[in-house]
Amino acid sequence: MTLLIKGGEIVTAESRYRSDILVDGEIIRAIGDGLEAPLNAEVINATGKLIFPGFIDPHVHIHLPFMATFAKDTHATASKSALIGGTTTFIEMCCPSRNDDPLDGYHSWKEKADGNSACDYAFHMSVTRYDKNSETQLGEIVQDGTASFKIFLAYKNFFGVDDFEMFNTLTLAAKLGVITTAHCENAELVSQLQQILVAAGKTGPEWHEPSRPEAVEAEGTGRFATFLHETKAVGYVVHLSCAPALRAAVDAKLRGTKLYVESVLPHFLLDKTYAERAGIEGMKHVMSPPLREKRNLPALWGALQTGLIDTVGTDHCPFDTGQKLLGAGNFTQIPNGIPGLEERVNLMWTYGVKRGLLDIHRFVDALSTRPARLFGLAPRKGMIAVGSDADLVVYDTDYRGTMTARSQHTNNDYNGFEGFAIEGRPSVVTVRGKVQVRDGAFVGEAGRGRMLRRVPQYFIEEIHGR
Ligand code: URP
Ligand code: ZN
Ligand code: ZN
């Protein structure tokens with residue numbers, strides 16, 4: 001398969017220029033002016049359009065047994081919605097329960113994805129229990145190409161790890177050279193505050209945020225950073241939602257702790273008044289960490305623009321209205337999560353770049369290049385360069401539309417961003433040289449996606465110079 005993309009304007013994390021791109025097989029063969037179309041090549045006219053490297057979502061949940069139910073997407077539905085929204089690679093959290101063997105869980109997640117994803121994918125391996133057996137198995141999982149861990153400081157008695165387990169996970173991560181991602185909220189404080197609120201009859205979704213206030217997240221972020229510092233491991237805070245947690249992360253960065261920060265789509269655009277809406281409307285907007293006071297949003301945008309927030313993910317996690325209603329009488333039972341895999345690129349483009357809050361190169365960096373670099377996918381992914389995978393997004397900045405559940409591809413009956421206008425969308429999306437999307441429709445090969453195997457890149461000697 002040969003493709004010639006002509007006349008577009010290439011935009012990367014560093015540069016912007018008009019050029020043609022020649023794709024041969026799965027990779028970019030040439031970039032230059034006036035490239036000739038080889039015999040049998042498909043020519044895509046990209047005049048007037050931008051060309052971005054395929055976007056990478058570093059934090060999604062596809063298969064997820066959680067809160068007495070399962071997230072709604074399959075790898076088939078999620079990957080098509082990802083591609084329609086311009087995301088050509090996602091990294092899924094593999095989350096076995098505390099009672100499962102890590103290796104069994106890992107194999108079952110891999111089996112679910114294998115042959116069913118239309119885009120490329122990788123995994124972060126959750127450590128939900130730490131003992132000698134898991135230590136050995138985690139080593140095998142890293143050997144298999146899954147070179148990042150995930151820990152939850154929240155979700156007591158479920159996914160959550162205690163300080164002993166965090167210390168040992170980070171010590172192992174440092175030894176194996178892998179990065180550890182972490183959900184940072186103090187599990188005990190959340191549990192105690194939930195009990196107090198429910199006992200006082202405060203059971204609606206509007207009480208979700210007060211049960212896990214900003215200080216609870218700041219404590220988790222600071223504690224994770226302290227443990228990173230002492231173990232010399234490299235860490236990545238997922239879905240950071242508020243200014244106090246950001247301050248804790250930035251303080252750690254200033255101390256030289258190797259800590260990276262992700263914030264996710266809902267926290268840039270929605271505030272806690274969404275979860276305060278009556279009944280099911282509020283429940284749709286319950287996630288953890290929760291949607292926050294509006295004053296946090298400018299702090300997140302500012303930190304994203306300056307690079308203190310490194311990446312933007314989604315924490316895509318679809319539960320439908322029937323599932324959300326499991327928590328109708330008690331907010332602690334509402335399955336946590338808001339989907340966003342299909343919406344991330346277009347909404348960050350519209351409300352970030354178009355509104356002047358986010359520089360176009362930082363946009364590409366935070367949504368593609370930096371996730372690729374941090375998680376060992378570069379230079380294959382996250383850049384437009386000769387020899388890189390031909391994952392390309394030809395972006396139509398003239399498109400105008402509105403987010404709505406009626407036209408979404410995610411397997412869910414609501415859209416957390418219902419009614420948000422968008423001012424751009426992908427017109428062509430390729431995965432390793434194959435056109436998978438044209439003008440909002442999936443036109444490609446359903447099982448094209450491959451698991452991306454990564455090698456550890458965070459060895460102590462390289463980072464600390466010894
Ligand atoms: O509310 C959320 N974030 N749901 C998914 C699980 C997690 O904590 O990432
Ligand atoms: Zn989380
Ligand atoms: Zn998550």
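The values are calculated or read from the model by the stated rules, or taken from the named source; none is laboratory data. Keep in mind it's a predicted model, so treat the numbers as computed, not measured. Note that each Cβ is placed from the backbone with ideal geometry, even for glycine, and that neighbours are counted across all protein chains shown. Calculation scope for accessible area: heavy atoms of the full protein, side chains included, ligands and nucleic acids excluded. Shrake-Rupley method; radii C 1.70, N 1.55, O 1.52, S 1.80 Å.
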>> For the range 198-215: of the residues being touching a residue at least 24 places away in the same chain (Cβ under 8 Å), over 22 Å from the mean Cα position of the chain (by Cα) and assigned to a helix (DSSP H, G or I), which is surrounded by the fewest Cβ atoms within 10 Å (Cβ to Cβ)?
In response: A215
> How many residues are in a loop (DSSP other than H, G, I, E, B), of a type outside the set (D, E, K, R) and open to solvent by 10 Å² or more (accessible area, probe 1.4 Å) when one looks only at the range 234-256?
Replying inline: 1
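Per-residue answers, yes or no, for (1) open to solvent by less than 30 Å² (accessible area, probe 1.4 Å); (2) under 14 Å from G54 (Cα atoms); (3) more than 13 Å from the chain's Cα centre (by Cα):
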position: E342; (1), (2), (3): yes, yes, no
position: V345; (1), (2), (3): yes, yes, no
position: G356; (1), (2), (3): no, no, yes
position: R362; (1), (2), (3): yes, no, yes
position: F375; (1), (2), (3): yes, no, no
>> For the structure I just gave you, tell me whether R438 is among the charged types (D, E, K, R), open to solvent by 10 Å² or more (accessible area, probe 1.4 Å) and free of Cβ contacts under 8 Å to residues at least 12 places away in the same chain.
In response: yes
> Quick one: how many residues across the range 320-342 are more than 16 Å from ligand 2 (Cβ to nearest atom) and over 18 Å from M403 (Cα atoms)?
Replying inline: 11
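Can you give me the number of residues within the range 1-30 that are part of a strand (DSSP E or B) and open to solvent by less than 50 Å² (accessible area, probe 1.4 Å)? Spell out how you get there, then give the answer.
Start the filter on the range 1-30 by keeping residues that are part of a strand (DSSP E or B), which leaves 2-6, 9-11, 16-18, 20-24, 27-30.
Pick out the ones that are also open to solvent by less than 50 Å² (accessible area, probe 1.4 Å) and you get 2-5, 9-11, 20-23, 27-28, 30.
The number of residues fulfilling the criteria is 14.
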>> Restricting to the range 31-55, count the residues that are without any contact (Cβ under 8 Å) to a residue 60 or more places away in the chain, open to solvent by less than 60 Å² (accessible area, probe 1.4 Å) and closer than 28 Å to S79 by Cβ.
In response: 1
> When the residues of the range 300-319 are filtered to those that are assigned to a loop (DSSP other than H, G, I, E, B) and closer than 14 Å to A78 by Cβ, which remaining residue is nearest to ligand 2 (Cβ to nearest atom)?
Replying inline: D315
> Of the conditions (1) within 16 Å of ligand 1 (Cβ to nearest atom); (2) assigned to a strand (DSSP E or B), K72 fails just one. Which one is it?
Replying inline: (2)
> Across the range 215-242, what is the number of residues that are within 16 Å of ligand 2 (Cβ to nearest atom), out of contact with any strand residue (DSSP E or B) (no Cβ under 9 Å at 6 or more places or on another chain) and of a type outside the set (A, V, I, L, M)?
Replying inline: 4
> If you take the residues in the range 57-94 that are surrounded by fewer than 24 Cβ atoms within 10 Å (Cβ to Cβ) and on the phi > 0 side of the Ramachandran plot, which one is nearest to ligand 2 (Cβ to nearest atom)?
Replying inline: M67
>> Being at negative phi, among the small types (G, A, S) and open to solvent by 40 Å² or more (accessible area, probe 1.4 Å) is true for just one of S117, S108. Which residue is that?
In response: S108
> Looking at (1) at pLDDT 95 or above; (2) open to solvent by 10 Å² or more (accessible area, probe 1.4 Å), which is the one condition that is false for F158?
Replying inline: (1)
> Mind checking which residues of the range 53-71 are among the hydrophobic types (A, V, I, L, M, F, W, C), under 28 Å from V393 (Cα atoms) and under 15 Å from the mean Cα position of the chain (by Cα)?
Replying inline: F55, I56, V60, I62
>> Is it the case, given these coordinates, that A182 is open to solvent by less than 20 Å² (accessible area, probe 1.4 Å), aliphatic (A, V, I, L, M) and outside any helix (DSSP H, G or I)?
In response: yes
>> What pairs come out if I take residues in the range 140-153 that are touching a residue at least 12 places away in the same chain (Cβ under 8 Å) and within 16 Å of ligand 2 (Cβ to nearest atom) and pair them with residues that are β-branched (V, I, T) and open to solvent by 10 Å² or more (accessible area, probe 1.4 Å) whose C-beta lies under 6 Å away, six or more apart or interchain?
In response: I151/V161
>> I need a count of the residues in the range 31-69 that are under 30 Å from R16 (Cβ atoms), among the hydrophobic types (A, V, I, L, M, F, W, C) and assigned to a loop (DSSP other than H, G, I, E, B).
In response: 4
